[in-house]
1. Listed highest first by mean packing, meaning other Cβ atoms within 10 Å per residue, what order do 59-71, 103-115 come in?
2. Which lysines have a Cα lying under 18 Å from the Cα of K181, excluding residues fewer than 8 positions away in the same chain?
3. Dipole magnitude of the range 97-256 about its Cα centre, charges +1 at Lys/Arg Cβ and -1 at Asp/Glu Cβ only, in debye to the nearest 20?
4. With a ≥ b ≥ c taken as the square roots of the eigenvalues of the C-alpha gyration tensor of the range 54-103, please select rounded if a/c is under 1.5 and otherwise prolate if a/b is larger than b/c or oblate if it is not?
5. Please name which of V145, G194, A213 has its Cα lying farthest along the dipole of the range 4-240 towards the positive end, using unit charges on Cβ (Lys, Arg +1; Asp, Glu -1) and the Cα centre as origin.
6. Assign unit charges at the C-beta atoms only (+1 for Lys and Arg, -1 for Asp and Glu), then state the dipole size of the chain relative to its Cα centre in Debye, rounded to the nearest 20.
7. Give, in nm to one decimal, the length gained when the segment between K89 and S103 is fully stretched (0.36 nm per residue of separation minus the Cα-Cα distance).
8. What's the ranking of 24-30, 6-12, 162-168 by average number of surrounding C-beta atoms within 10 Å, highest first?
Amino acid sequence: MPAPTSVFRAGATALITGSASGVGLAVAKLCASHSMNLILVDNNTSKLDEAKSTLSSSSKGSVDTHAMDVASLSDWSALKKSVEKGGKKLDFLHLNAGIGPKSDWTDSAYFHQIFDVNLFGVINGINTFFPHFDSNSGEQKAIVVTGSKQGITNPPGNAAYNASKSAVKTITEHLSFDLAKSSPSTSVHLLVPGWTFTGLTGGGNTTEKPEGAWSPEQVADFMYQKMGEGKFYAICPDNDVEWETDRKRMMWTMGDVVYERLPQSRWRDEYKEEAVKTMEGMKLSGKQAD
């Protein structure tokens, strides 16, 4: 069976949400380098125009843009009609759009806003284009969903964001399991960036990338690498946090359940010393490729 990266081929069609900047734009550039036809989706019309101009000058494939709200089912319906004109179907779907505002426990609008975009923006995309990927035993297709380490290690500070990304992880895992049975030529992948220099993570406040952060292009390249290895999880390191550290943090977090500790124990005073010592002493088998 061909590697999932064979989806990156001339003439194939890629739709990427949140593609006007950051990781989404970097993945669009990756697709363009393989002469794919691009459908760029974002709610920022000026950035979409910039992205289209940049990609059109370097891509051999077509570049179309759609300004829309991923939380809106009517917007998805309109997009579907546009995409399917002439019988076109998607080969690559990257559900990447996300937001990360912060607020408090009294602000229900904040919870709705984050879940509407981060979770239902993904669910809406799957619901809309699932028929393009189901029952596929022909040429390789792929779905990538952008998650977050905060949806796995669950640090304090932004409950709604963490919960939305935790739900995204679960949804994507189920999608992978189900499509593996019904559609052997469709692969599913969860892309989990580390510290990445984008607008969502503060990149919009400065033009100089911090030394510890990865660029969006590094994230896109890492996604391609892990897809080539047939991996579902593409959990990116960065220049400050290595894969081994990520693994230990994830193992400790799961231990809260297994050992009946208080949740988010790594940040609680009564567990901090134990957490540091335990993670330092962890011996984990297996290695992530560089």
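1. Values: 59-71: 18.0, 103-115: 13.5.
Those peptides, ordered most packed to least, come out 59-71, 103-115.
2. Counting by Cα, and skipping residues close in sequence, K181 has these lysines nearby: K141, K231.
3. 300
4. oblate
5. Ranked along the dipole, the leading option is V145.
6. Values: 29 positive and 33 negative charges, 145 e Å.
Here the chain has a charge dipole of around 700 debye.
7. So the chain would gain 1.1 nm between K89 and S103.
8. Result, highest mean first: 24-30, 162-168, 6-12.
Computed from the coordinates by the stated procedures, all read-outs in this text should not be read as laboratory data. Predicted model, so just to flag it, every value in this text is computed and none were measured. Here Cβ is always computed from backbone atoms with ideal geometry, including for glycine, and neighbour counts include all displayed protein chains.
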